[in-house]
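Chemist: Got a structure for you, written out below as structure tokens; questions coming shortly.
The values are calculated or read from the model by the stated rules, or taken from the named source; none is laboratory data. Everything numeric in this text was worked out from a predicted model, so none of it was measured. Methodologically, a virtual Cβ is constructed for each residue, glycine included, from the backbone with ideal geometry; neighbour enumeration extends over all protein chains shown.
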Amino acid sequence: MKVFGIERMTLGELVDAVKDGGRFVVFHWRVGLLFKTVELPSAVRFVRSGERAGSGFRRSLGTLLTGWWAIPAGPRTTIGCLRENLGGGRDITASVLRTLVRAEHLADGALQQARVTPDPIVSELVSHAA
């Protein structure tokens, strides 16, 4: 899972940032394909407390151009997607935290099985620069 905005943060620091009001968001691009629509999500972005998540401008523009072309749900789903993107994206904080906690738990279990001392790099979250 690609998560932008959590460079070199430990899980504890991340949980504290979420308690202070941080959240994980994702933006969507809706594409209408005649009789069905397809939703293409962006990478997950961490937004600290007090920061704006943005509007997912490129994904909103893509949705505006391609989302309408599905019968009958195209216009309805396009408007919903645009509303969500312009409102700061979809908040997926709970599911991301569950995934990160589960991954850290599995990594700790693997270290205990191998009887290796924990390396600080192993406990850091994988992130990508925004």
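Chemist: Just for region 1-54: of the residues that are part of a loop (DSSP other than H, G, I, E, B) and among the polar types (S, T, N, Q), which one is surrounded by the fewest Cβ atoms within 10 Å (Cβ to Cβ)?
Modeler: Ser49
Chemist: Out of Leu82, Leu97, I need the residue that is under 22 Å from Lys2 (Cα atoms), modelled with pLDDT of 80 or more and either crowded, with 17+ Cβ neighbours inside 10 Å or under 12 Å from the mean Cα position of the chain (by Cα) (or both). Which one?
Modeler: The match here is Leu97.
Chemist: In this structure, does Leu125 turn out to be at pLDDT below 85, under 30 Å from Thr10 (Cα atoms), surrounded by 13 or more Cβ atoms within 10 Å (Cβ to Cβ) and not small (Gly, Ala, Ser)?
Modeler: yes
Residue-by-condition table, conditions (1) under 23 Å from Val101 (Cα atoms); (2) in contact (Cβ under 8 Å) with a residue 24 or more places away in the chain:
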residue: Met9; (1), (2): yes, yes
residue: Glu13; (1), (2): yes, no
residue: Val31; (1), (2): no, yes
residue: Lys36; (1), (2): no, yes
residue: Leu40; (1), (2): no, no
residue: Val44; (1), (2): yes, yes
residue: Phe57; (1), (2): no, no
residue: Glu84; (1), (2): no, yes
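Chemist: Answer yes if at least one residue in region 56-74 is at positive phi and surrounded by 14 or more Cβ atoms within 10 Å (Cβ to Cβ), and no otherwise.
Modeler: Yes, the conditions are met somewhere in region 56-74.
Chemist: Arg23 is checked against (1) in contact (Cβ under 8 Å) with a residue 40 or more places away in the chain; (2) among the charged types (D, E, K, R); (3) farther than 27 Å from Glu104 by Cβ and fails just one. What number does that condition carry?
Modeler: So the condition that Arg23 fails would be (3).
Chemist: Now for a separate question. Within region 80-93, is even one residue of a type in the set (Gly, Ala, Ser) and under 22 Å from Ala107 (Cβ atoms)?
Modeler: For region 80-93, residues of a type in the set (Gly, Ala, Ser) and under 22 Å from Ala107 (Cβ atoms): absent.
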